[in-house]
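Trainee: Just passing along the structure, written as structure tokens.
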Amino acid sequence: MQAVVCSQTSKVFYERKAATGGQKGRSLWGLNGIRAKKTPVWAVRDVTFAVSQGEIFGILGTNGSGKSTLIRLIATLLLPDRGKLSVYGHDVVTDPMSVRRLINRVSVDAAFFKKLSAWENLSYASRLYGIGPRAGYERARDILKSFGFNEDYLARPVENLSRGMQQKVSIARALLTSPMLMLLDEPTTGLDPKSKAEVQDFIREVHRDSRPTILLTSHDMKEVETLCDRVAIMNEGRIVALDTVEELKRAHTRTCDGASLEDVFFAVTGEDWEEAMSDE
Ligand SMILES: Nc1ncnc2c1ncn2[C@@H]1O[C@H](COP(=O)(O)OP(=O)(O)O)[C@@H](O)[C@H]1O
Ligand SMILES: [Mg+2]
């Protein structure tokens, strides 16, 4: 069975823009009283792909390409406007509860009660997940021990831990529910190179240890190259390429000898990766 099946999935948002000269987000009304025009933004557009069980699948794209929206659709936090989307055979629209039981999502910013310790946050999460404090504590301890966490760190307020450490605790928290599918939305964005490498190792260990299917988004080409079995390149809401990094490069060596992932990105989007990234 496939872990995720997306078929022609689309999500549209309506951005309100004032009809005449009004500032974005300032008012729902234009300056001369005409109701602001709603402009459709197709955050995810006709996306079709499948993720196999146990795979580490990467979604690579610049800011605004639709990665988080796609993750939120899979996580049942948003409803698709078109198309079908299922997780382990459960439809996200008709059976969201079953989907929620199988997944856990880690977003860009590890969201914690910053004044509480990592332990307290984990035990709160266990209660929230209905695991019970004792079982939750034991599970959290096992997870963190197996990844070589120093217990001293876990007693400190989360705000005193490095962002890399916080992100690891956040991934450990997601593991409390033994998810079949982990959705990691830019798990290493904003981390310094050392913490980034540590979190990547951590993701590898988690995968080796409990074999969840992992769907991760990133705008770090090296990260998807080293971590993911297959990669989908997303641009303006669409998936414009999908394969193993090796195969993507091989397919483009015809047009560009010894193609890098940047070359592939340029070939499929017509945009220069460095420029697209620096525009943000
Ligand atoms: N809740 C929302 N309301 C309106 N527009 C949104 C919303 N969420 C995302 N968008 C728009 O959808 C597009 C894709 O955003 P997002 O999925 O966050 O991209 P990424 O995660 O790749 O940076 C962007 O143009 C963004 O402005
Ligand atoms: Mg995002």
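Trainee: How about segment 66-162: which trypsin sites (Lys or Arg not before Pro) there are in a DSSP loop, with at most 16 other Cβ atoms within 10 Å of their Cβ?
Mentor: Hits after loop and neighbour filter: Lys114, Lys115.
Trainee: Please compute the length gained on full extension between Asp229 and Glu262, using 0.36 nm multiplied by the number of residues separating them and subtracting their Cα-Cα distance.
Mentor: Stretched fully, the Asp229-Glu262 segment lengthens by 10.1 nm.
Trainee: How large is Rg over Rh for segment 158-268, taking Rg from the Cα atoms and Rh as the Kirkwood inverse mean of 1/r across Cα pairs?
Mentor: Answer for segment 158-268: 1.02.
Trainee: Something else about it: Which pairs, out of Lys11/Lys168; Lys11/Lys249; Lys11/Lys114; Lys84/Lys196; Lys67/Lys249; Lys11/Lys196, put more than 24 Å between their alpha-carbon atoms?
Mentor: Beyond 24 Å between Cα atoms: Lys11/Lys168; Lys11/Lys249; Lys11/Lys114; Lys84/Lys196; Lys11/Lys196.
Trainee: Another question about this same structure. Classify segment 60-129: rounded, prolate or oblate, from the alpha-carbon gyration tensor (a ≥ b ≥ c, eigenvalue square roots; a/c under 1.5 rounded; otherwise prolate if a/b is larger than b/c)?
Mentor: It is oblate, given that a/c is not under 1.5 and a/b is not larger than b/c.
Trainee: Then there's this: Could you check what % of the DSSP bridge pairs in the chain are antiparallel, to the nearest 5?
Mentor: Percent antiparallel among DSSP bridges in the chain is about 60.
Trainee: Evaluate E = 1/(1 + (r/R0)^6) for Glu274 and Arg156, where r is the Cβ-Cβ distance and R0 equals 35 Å; express this FRET efficiency to the nearest 0.05.
Mentor: With R0 = 35 Å, the Cβ-Cβ based efficiency is 0.35.
Trainee: Going by alpha carbons, how many degrees (0 to 90, nearest 10) lie between the helix axis of 133-146 and the longest principal axis of the chain?
Mentor: Approximately 80 degrees, to the nearest ten.
Trainee: Under 13 Å Cα-Cα from Lys37, which aspartates and glutamates qualify once same-chain neighbours fewer than 8 residues away are excluded?
Mentor: Partners within reach: Glu15.
Trainee: While we're here: Regarding the chain, what are the three Cα extents along the principal axes, ordered largest first, in Å?
Mentor: The Cα atoms of the chain stretch 58, 56, 38 Å along the principal axes, largest first.
Trainee: If you roll a 1.4 angstrom probe over the protein chains with everything in place, what fraction of the accessible area of segment 2-243 belongs to carbon and sulfur, to the nearest %?
Mentor: About 49 percent, which is the carbon plus sulfur part of the accessible surface.
Trainee: Counting only the backbone N, which residues of segment 46-80 are under 19 Å from the spot 7 Å out from the Cα of Val93 toward its beta-carbon?
Mentor: 46-50, 69-80
Trainee: Set the Förster radius R0 to 22 Å, insert the Cβ-Cβ distance between Ser178 and Ser52 as r into 1/(1 + (r/R0)^6), and round the FRET efficiency to 0.05.
Mentor: 0.70
Trainee: Another question about this same structure. Using the heavy atoms of the protein chains alone and a 1.4 angstrom probe, what is the accessible area of the chain per residue in square angstrom?
Mentor: Per-residue value: 50 Å².
Trainee: Another one. Of all chymotrypsin sites (Phe, Trp or Tyr not before Pro) in segment 195-280, which ones are in loop regions per DSSP and have a Cβ with at most 10 other Cβ atoms within 10 Å?
Mentor: Answer by residue number: there is no such site.
The values are calculated or read from the model by the stated rules, or taken from the named source; none is laboratory data. Model, not experiment: these values are computed from the prediction. Virtual Cβ from ideal backbone geometry, glycine too; neighbours counted across all protein chains shown. When the accessible area is computed, the model is the full protein with side chains, heavy atoms only, and any ligands, DNA or RNA have been set aside. Shrake-Rupley method; radii C 1.70, N 1.55, O 1.52, S 1.80 Å.
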